Amino acid sequence: MNILTLPPEVTLYSSMSNSTKYVFVTGGVTSSLGKGIISASLAKLLQARGYSTTIQKLDPYINIDPGTLNPYEHGECFVTDDGAETDLDLGHYERFLNVPTSQANNVTTGRIYQSVINKERRGEFLGKTVQVIPHITDEIKERIQLLGKEGTYDIVITEIGGTVGDIESLPYVEAVRQLKWEFEEDCLVIHLTLVPYLAAAGELKTKPTQHSVKQLLELGVQPDILCCRTEHELDLTLRRKIAKFCNVNMNAVIESRDAESIYDVPLLMQAEELDKVVLEKLNLTSKSIPDLDNWKSFLTRLKNPESEVNIALVGKYVELKDSYKSISESFIHAGVANNCKVNVKWIHSEKITPNNVDTELAGLDGILVAPGFGSRGISGKIETVKFARENNIPFLGICLGMQCAVIEFARNVLGKAEAHTTEISENCKYPVIDMMSEQKNISNLGGTMRLGAYKCQLSPGSNVFKAYNSDKISERHRHRYEFNNDFLEEFEANGMKATGKNPETGLVEVVEIENHPWFVGAQFHPEYKSTVANPHPLFVGFIAAALENKA
Ligand code: GLN
C-alpha cells in the first residue's frame, strides 16, 4: 500500500525515536522468578555506565490499574509522584535507580483496552473493525515507545508481566515481535526462565527452559539473552546445552543464583556480564566502567551492622509481606543509614486486644502502624497506638496509622470516647477523621482519593523538621479521609500538634505528640520515596529514635 493511502488509524513508526534502545524482559516456566529485580539490576548497571535508563512494567490483567486490587492479590500498590497507582515493581525500579517513575511506567491490559475503546467511540477508526491485531498491539507499541519519545532515556527496559504462554500475555508478546522485526538493532529480548534442581536425580534440568523458549519461538520471538534462575551453579556443560538448544550465544546464557539480598543482584549480574552482553547486542559502546562504589558501600554496611533494633509492623495484611514491600525496604535503607540491622516483627492488627497488647509488643524498640482501608483490624491498631503513646516508645503511623493515632488521642486524651473516622463510623459523634466536603459528592471508588505528590510545610523544632532538616517537603499521598480541622485547636491545646501542613489547603499532613520522645503520624506515605541512594529521612529518624530508646 502506498504510504499516502494508509488510513489514519495506522500508526507509522518512522523510527524508534532518536535512537532510544529497547530491552524487553519476558518470563517463562513459572511466575515469581523476579523479573522486576533482574530488570532493575540491569537498569542499575546501565545507569552506572552513564546511560539514562528507565523501566516500564506491562501488566496483562484487565484492571485499569492496581488501585482497586486487594493487596493479597499482587502485594502493595505503589504510588508515583504524578498520582498513578501502580505495580509494586515500580517501587523496586525507583529504589534501585533513584529516579522517579510515572504513569507511563505502568500499563495494564485494562488501560490499553479502555484507550482503544474510547478511540472507537470517538470514531477514530473510521468504520474499521477494531481488532487485537493491529489495534490493541499498536496501542501497546505506542505505550512502549512513549518513554523513548520523550528523548530523556537512552535505554527503556520493558518488563512484560505474567508468563509466556498465558492467554492474556499474547498481545504483548506479539507487540514485542513486531517491534523486534521493525527495529532489529534497537531491540533486544531477555527471557527469564527457571533451571530447577531435581533432588532425586541430583541434577539441574534444562528442559523447562528449552520448552519455554520453544513457546516464545512459536510466537515468533527469538530471545537474545537467557537469564536462568537456579539454586545451584550453572556449569559450562549446562550453559553450552542451553545455548545450543535455544539458539543463543554461550555468553548470553546468564546464571541468576538466589541471592542473600535483592541488592546483591546488580553485582551478580555484573559478574555474569549481563550489562556487557546487552550493550554489545545493542551496538552501544560502553561509556565507562560502571561506577558502583556507593552501591557496594551500601551492601558492605548492610552486611556488617554494628547493632540491631526490633521494630513492630502492625497491619492487617502481614501474612503477605509484599503488601508492605516499600515499608520493609525503607527499614533496610534506614538500618544501613544508622549502621544497624532492623528486625521487623510482623504483627497482625486483628490479634491485638487490650488484654494482650503489652505481651504482643513487649521488648520492641519502635512501633509502626501501617496504612490500610476499612474496619478490619482497626481496634488493634488503635490499641497499639495507645501502648506506644503511654510507654514512650518511638512511633511512626502512616496514613491509616496516622488516622488511628488521631482517633486514639481523641478518645483517650481528649475524652471523646465516640471519636472515629467516618470511613468506619459514618455518623459518629466526633468525626476527627473525615472526608472533605468537596469530596463527598464524588462517589466512584478511586475518584475521591488524594493521590500523588503534595507539598508540605513543617514546623521548625518538630521531630519531622529535624528528620528532614528542612521545612519544605513533598510527599506522596493515597487516601480519601483527612484530619478534621474543626478539632485542631483542641488537639493542639492538649499536646498533639500539627507539625506538617499542606501550604495551600491547610490540611494536616503530620501530627506529633510534644511530650513523647518520638511520636509521628504522617498522612502521606514516606515509604514510596526511600531509595538505596536516599534512605527516607523519616524512617532514618524513626530508627535513630528506636536505637536511642533501646539504649
Ligand atoms: N483508609 C484511609 C483513607 O482512605 C487511609 C488510607 C491509607 O492508609 N492509604 O483515608
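The values are calculated or read from the model by the stated rules, or taken from the named source; none is laboratory data. Keep in mind that what you see is a predicted model, and the values were worked out from it rather than measured. Cβ coordinates were reconstructed from backbone atoms using ideal geometry, including for glycine residues, and neighbour counts include every protein chain displayed. Calculation scope for accessible area: heavy atoms of the full protein, side chains included, ligands and nucleic acids excluded. Shrake-Rupley method; radii C 1.70, N 1.55, O 1.52, S 1.80 Å.
Observations on the model:
- Residues of segment 361-376 satisfying the condition of being within 12 Å of the ligand (Cβ to nearest atom) and open to solvent by 10 Å² or more (accessible area, probe 1.4 Å): Pro371, Gly372, Phe373, Gly374, Ser375, Arg376
- Applying the criterion of at least 3 residues that are over 19 Å from Thr158 (Cα atoms) to the helices (runs of 4 or more DSSP H) found wholly in segment 186-303 leaves 207-218, 236-246, 265-271, 293-303.
- A count restricted to segment 52-79 and to residues that are within 18 Å of Tyr317 (Cβ to Cβ), not acidic (Asp, Glu) and not in a loop (DSSP other than H, G, I, E, B) stands at 8.
Yes or no, residue by residue, for (1) at negative phi; (2) open to solvent by 10 Å² or more (accessible area, probe 1.4 Å); (3) away from the ligand (no atom under 16 Å from the Cβ); (4) basic (Lys, Arg):
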site: Ser459; (1), (2), (3), (4): yes, yes, yes, no
site: Asn463; (1), (2), (3), (4): yes, yes, yes, no
site: Tyr468; (1), (2), (3), (4): yes, yes, yes, no
site: Asp471; (1), (2), (3), (4): yes, yes, yes, no
site: His477; (1), (2), (3), (4): yes, no, no, no
site: Phe483; (1), (2), (3), (4): yes, no, no, no
site: Phe491; (1), (2), (3), (4): yes, no, yes, no
site: Leu507; (1), (2), (3), (4): yes, yes, no, no
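- Subset tally (residues that are within 30 Å of Ala551 (Cβ to Cβ) and either open to solvent by 80 Å² or more (accessible area, probe 1.4 Å) or without any contact (Cβ under 8 Å) to a residue 12 or more places away in the chain (or both)) for segment 281-308: 9
- Residue list for segment 145-171, filter: over 21 Å from Leu42 (Cα atoms) and open to solvent by less than 50 Å² (accessible area, probe 1.4 Å): Gly165, Ser169, Pro171
- Listed by first and then second residue, the pairs linking a residue in segment 411-440 that is touching a residue at least 60 places away in the same chain (Cβ under 8 Å) and within 23 Å of Gly377 (Cβ to Cβ) to a residue that is within 14 Å of the ligand (Cβ to nearest atom) and in a strand (DSSP E or B), with Cβ atoms under 8 Å apart and 6 or more places separating them unless they lie on different chains, are Thr421/Pro431; Thr421/Val432; Thr421/Ile433; Thr421/Asp434.
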